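The values are calculated or read from the model by the stated rules, or taken from the named source; none is laboratory data. Only a predicted model underlies this, so the values are computations on that prediction, with no experimental measurement involved. Ideal geometry is used to build each Cβ from the backbone, glycine not excepted, and the neighbour counts take in all protein chains shown. Heads up: the accessible areas ignore ligands, DNA and RNA and are worked out on the full protein's heavy atoms, side chains in. Shrake-Rupley method; radii C 1.70, N 1.55, O 1.52, S 1.80 Å.
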Amino acid sequence: MEEGGNGELSIDTLNLNALPQDCIATIISFTSPRDACRLSIVSTIFKLAAESDAVWESFLPSQYQALIPSSLSFSSKKEFYLSLCENPVLIEGGQKSFWLEKVSGKKCYMLSPKDLYIEWVNTPTYWRWVSIPEARFEEVPELLSVCWFEIRGKISISRLSPMTLYKAYLVFKVHDVYGFDYYPVNLSVGLVGTEGSMRTAYLDPEHVLTEQQSTPVEDEMFPKARVDGWLEVELGEFFNEGCVDDGELEMTAIEIDGGNWKGGLIFQGIEIRAVTPNLCDSNLGLDSLSTAESDTAWESLLPCQYQDLVPTLVSFSSKKDIYLSLGGNPVLIEGGRKCFWLEKASGKKCYMLSPKELYIEWVNTPTYWSWVRILEARFERVPKLISVCWFEICGKISVCMLSPKTHYKAYLVYKVRNVYGFEFYPVKLSVGVVGTEGSKRAAYLEPERDRIPIDLQPIHNDVQFPKARVDGWLEVEIGEFFNEGCMNAGELEMSALEIEGGNWKGGIIFQGIEIRAIA
């Protein structure tokens, strides 16, 4: 402390910007990829340090050079890191697929079918090897018919990231599936020589209990849709403490009790994913944990005027409960015209605009559209397209409702039911502030590419196709928008339009336009 000329004492403060850049980089390297990105906006010198190769190399796994083909080249370690997160690479001669979990940098794998034990897989009567474009591996097995269904996979514990929770998944597609609706498959994950965790799942995604079957067990699972178009069921979970290097993790899926014949699966592999720890589950000391649990800390993560957005906050015991609820449970606001939630990792505001909040051409004409109630929709009623030749949907939201300094993407969310007419012409999509040009793209709303006439199929990748969501709906990206936060009076406009073809089209159930913050 120093004594001022007036006799007052002043306390010296540490100016972190005065530290050498390599010193700041060393400090940041002890954090996480998420923290490095956040620290990069503190100041110019922090940005230089946080973007440095020294920081991002610390987030890469040890001996990462041995995992990645030498044919790949990158201008920086950060670019290399992000590529490994977004683009899984084949390793070990195509026997495995490898990538990093983006938030934490933990190692993830998919074991190819050729890296597993699959009973009868090389017997053409029971299985056949096929090549399909959407698979990660050159060949995958299609199940023709077996009565003994058994798949086993192993991976050395030393290949997994230490102090990390992993979950394993069976990844597959169905094609005229049969026989899996009678008996659930027994699933397990654990160290070889130990009992491990056990559960059961039906592999038929449209399983319905028959009169001969008992009431389903509460923990029996069903397949869930993935964004890449495949299905998955969770085999189990495993926490790798990192203190055992010579053990093996074994994962199994077996159904041999029924004795019935079953088939119609295309099997991609077993995926072993690192689970990102929740913001409130970090290994903090007791003092830090107490601070992190306080209402003051969690209210700082909530958006301004959050009380006005969510009417039922009185039912929560703490601000942390409010945040976690808003991060996992979208709520209806404005009389059910919008759906609101927070992006869990960042606390950014997200919305879905209901069909009644949008302009939809002819939506109230029963000849063209009908309003229906379906259980899996977020809103009370959603419109089903019967038949139109002029397809137009337009939505707007005030920019001031979005989080500042945030990258957003907008999506058209829908289901198909006896869809027709959308295979001939792509829908034109756009996102932008009203009065500006905005971004433009195109997408086919027909989810089955094979139905697109060959002469109309896009030559380049600038035309999208729908992607499956984990909630069972489909989505196409309308476009993206970065909210600088300096413009409070503008409106963001999103549109989907197909009027040039003039052909009649229908068979879509439309849920809304989703505006998601990108973490």
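Here is how the numbers come out for the structure above:
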quantity	calculated
Near pairs, Cβ below 6 angstrom, 6+ apart or cross-chain, from the range 37-54 (touching a residue at least 24 places away in the same chain (Cβ under 8 Å)) to any residue that is small (Gly, Ala, Ser) and surrounded by 14 or more Cβ atoms within 10 Å (Cβ to Cβ)	Ala49/Ala25; Ala50/Ala36; Ala50/Ser40; Ser52/Ala25; Ala54/Ala25
Meets criteria (within 30 Å of Glu92 (Cα to Cα), open to solvent by less than 40 Å² (accessible area, probe 1.4 Å) and hydrophobic (A, V, I, L, M, F, W, C)) for Phe172	yes
Qualifying residue in the range 208-226 (condition: surrounded by 13 or more Cβ atoms within 10 Å (Cβ to Cβ), at pLDDT 85 or above, closer than 19 Å to Leu116 by Cα and of a type outside the set (S, T, N, Q))	no
Pick from the range 470-496, criterion at pLDDT below 90 and touching a Lys or Arg at 6+ places or on another chain (Cβ under 8 Å), ranking: least open to solvent (accessible area, probe 1.4 Å)	Asn483
Among (1) of a type outside the set (Val, Ile, Thr); (2) in contact with a His (Cβ under 9 Å, 6 or more places away or on another chain); (3) more than 26 Å from Met221 (Cα to Cα) - the single one Glu142 does not satisfy	(3)
Tabulated pairs, the range 497-517, first open to solvent by less than 30 Å² (accessible area, probe 1.4 Å), second charged (D, E, K, R) and not in a strand (DSSP E or B), C-beta under 7 angstrom, 6+ apart or interchain	Gln511/Arg378; Ala517/Glu343; Ala517/Lys348
Residue under evaluation Trp99, criteria (1) part of a helix (DSSP H, G or I); (2) at pLDDT 90 or above; (3) not hydroxyl-bearing (Ser, Thr, Tyr), criterion not met	(1)
Of all residues making up the range 30-48, the number that are open to solvent by less than 50 Å² (accessible area, probe 1.4 Å) and under 12 Å from Lys78 (Cβ atoms)	3
Sole residue being at pLDDT below 90 and closer than 17 Å to Met163 by Cα, chosen from Val331, Val314, Val275	Val275
Options Ser52, Ser97: the member that is surrounded by 13 or more Cβ atoms within 10 Å (Cβ to Cβ), of a type in the set (Ser, Thr, Tyr) and over 26 Å from the mean Cα position of the chain (by Cα)	Ser52
